[in-house]
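Here is the structure we will look at, set down as structure tokens.
We did not get these values from a lab; they are worked out from the coordinates using the rules stated. Because the structure is a prediction, the values reported are computed rather than measured. Quick reminder, even Gly has a Cβ in these numbers, built from the backbone with ideal geometry, and neighbours come from all protein chains shown.
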Amino acid sequence: MVCRIIPPTFVPPEQYFDKRVGEDYFDHNNKVGLVIGAEGEYHITDMFGLSLGVFYAQEGANYKGEGFTSHEGIKVNVDNLKVNLDCITVSILANIYVWKGLALKTGIQPEFAVGKKAKGDVTIEYDLPSYKETTFEKPNVKSFSLSIPVGVSYEFKNVVADLRYSFGITNIRSEKHFFQNSHSGSAYNRVLSFTLGYKFQ
């Protein structure tokens with residue numbers, strides 16, 4: 001049994017929404033966050049192992065709003081929209097060692113969003129004086145999602161460098177949109193992570 005403790009490191013957690021939130025209202029930028037956790041591995045053979053890891057990850061995205069006009073002529077502009085998510089991820093991976101300490105890995109990863117916040121400058125213009133709101137309490141993100149991580153790791157002595165990319169396979173957007181219920185659509189998580197860990201044997 002091998003246990004790998006992963007210290008804090010930075011991870012750019014990809015856009016947690018897709019490029020279009022509802023319709024063509026936002027352009028996204030990736031958001032940098034932190035990931036920390038531990039992972040244990042059981043070697044079935046010298047070339048094949050199974051691992052289980054639990055991590056805390058900061059995920060989310062930053063958006064630049066383009067604005068839109070509703071059918072009723074109401075103009076809505078959103079600027080500086082930031083979505084921040086605190087997630088617990090569980091990685092279940094198959095590891096194939098192709099050369100000395102070099103391993104290829106893939107598996108399945110359930111994710112639980114335990115903290116969800118969104119902030120932005122929203123201006124609504126219509127016949128009456130404009131209305132401005134600067135904070136959303138919660139984004140329209142489901143608390144559970146599922147991803148498929150694929151990655152590569154390299155072990156040198158007791159230090160392990162790990163690079164992974166996770167493809168979301170479940171829609172993370174809840175039915176209610178924070179503007180209107182009619183602005184629906186699907187969104188899938190995409191996360192690129194890099195970690196350095198110390199391996200105990």
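Past the 21 Å Cα-Cα mark, which pairs from Lys75/Lys119; Lys82/Lys105; Lys105/Lys142; Lys100/Lys157?
Lys82/Lys105; Lys105/Lys142
Based on the mean of other Cβ atoms within 10 Å per residue, sort peptides 156-164, 87-95, 48-56 so the most packed one is first.
The densest-packed peptide leads the list: 87-95, 48-56, 156-164.
Search the structure for amide H atoms under 5 Å from the amide H of Gly101, placed 1.01 Å from N in the peptide plane, and list their residues when 5 or more places away or on another chain.
So Gly101 has HN proximity to Glu155.
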